[in-house]
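For reference, the structure discussed in these notes is given below.
The values are calculated or read from the model by the stated rules, or taken from the named source; none is laboratory data. These numbers come from a predicted model, not from an experiment. For neighbour counting, all protein chains shown are included, and Cβ atoms are generated from backbone atoms with ideal geometry for every residue, glycine included.
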Amino acid sequence: MGSNIVIILVAVLAFVAIVGVGFTFTGSNDEAAKKRAREIGAGRTGSANVKGANKGADDTARRRAKTQEMLDNLRKQDKERRKISAARDIGSKLSQAGLEIPIPMFWVISVVAGAVCAGVVWISGADGLVISGISFKSRPVLVAAAFFAGTLGLPQFILGMMISGRHKKLVNQFADALDVIVRGVKSGLPLNECIRIIGKESPEPLRKEFLTFADNLAMGAGLDRALAALYKRMPLQEVNFFAIVLMIQAKAGGNLSEALGNLSTVIRSRKMMREKVKALSSEAKASAFIIGSLPFAVGFMVYMTTPEYILELFRTETGHVILAMAAGMMGTGITVMRNMINFDM
């Protein structure tokens, strides 16, 4: 009986030992297999992450290259637009001034203005002019000079003043137009519709320009050609910035409302800086005006007190030479002062 119990105990212990050894080897294999599986999974995931990172880097590089290429093209287009605006032929000047008259009609008006100036000189009965011993006593010469001055000088001067005033109005209204586009894009409207809203709701002269811009887009002219035509009619830095932003967004993508919002802020900052410069230079302008008008004021006061003394400048050839030298020096001084107080922005 005792020997049987011993045998049973030995058998049970042997079975337990065999089972334990089996579990040990099996567990280690499973653990090793699981570990191997984890390593393989981690390796695949790592390679996938590396591939994804490489792909993202390639996309970023391609995007940067495309953006750089597009910026180079925009610089070339900007140079071409500047050349076109620098030419400033009569047709472009008329469009910039907002005048809807044909070029032949402008020249007819110029000839009429020259004829009026020549008629005034002829009726006034001017006998001639003597400067530094050179006598211009021929009335036809003076009439011809008045005709050319009235034909080529006076209309161009008036046209330049009209262009300058219209450009100032456009600059003052442009930031508000960009805000309209920003709000329209954020609300889901397409760009063409926002531009047409500006053309309908904005005051002149911005209304006419954006209506023409919207019509060009609607007729299929394309964004490039429509923006080039807009810049030709409005050769301003603000319009150039607007064209660059739209071209970048059209070719490279991006948030149009954010870009135009930033551009609106920049334009308003430029306007504030321009007004600040104008305020700071107002004292210098007043001083230049006083200095420039002082010789004329002194000459008038001398004429009121002793006319014979001042009239010697107009009666003698020496006085004519002095007046010519004074006019040249005055012109030089006014030009220098103008350049000193003129700040282009």
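The table that follows gives values for the structure above.
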| item | result |
| --- | --- |
| Positions within the stretch 312-330 being more than 47 Å from the chain's Cα centre (by Cα) and exposed (fewer than 13 other Cβ atoms within 10 Å of the Cβ), in sequence order | E312, F314, R315, T316, T318 |
| Search result, residues across the stretch 192-209 that are part of a loop (DSSP other than H, G, I, E, B) and surrounded by 19 or more Cβ atoms within 10 Å (Cβ to Cβ) | S202, P205 |
| L189 being in contact with a helix residue (DSSP H, G or I) (Cβ under 9 Å, 6 or more places away or on another chain) and not in a helix (DSSP H, G or I) | yes |
| Residue in the stretch 222-245 that is over 20 Å from H167 (Cα atoms) and not in a helix (DSSP H, G or I) present | yes |
| Filter result for I310 (touching a helix residue (DSSP H, G or I) at 6+ places or on another chain (Cβ under 6 Å) and part of a helix (DSSP H, G or I)) | yes |
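Conditions tested, residue by residue: (1) closer than 26 Å to L94 by Cα; (2) at pLDDT below 85; (3) more than 17 Å from the chain's Cα centre (by Cα).
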| residue | (1), (2), (3) |
| --- | --- |
| L206 | yes, no, no |
| E209 | yes, no, no |
| G220 | yes, yes, yes |
| M234 | yes, no, no |
| A243 | yes, no, no |
| L246 | no, no, no |
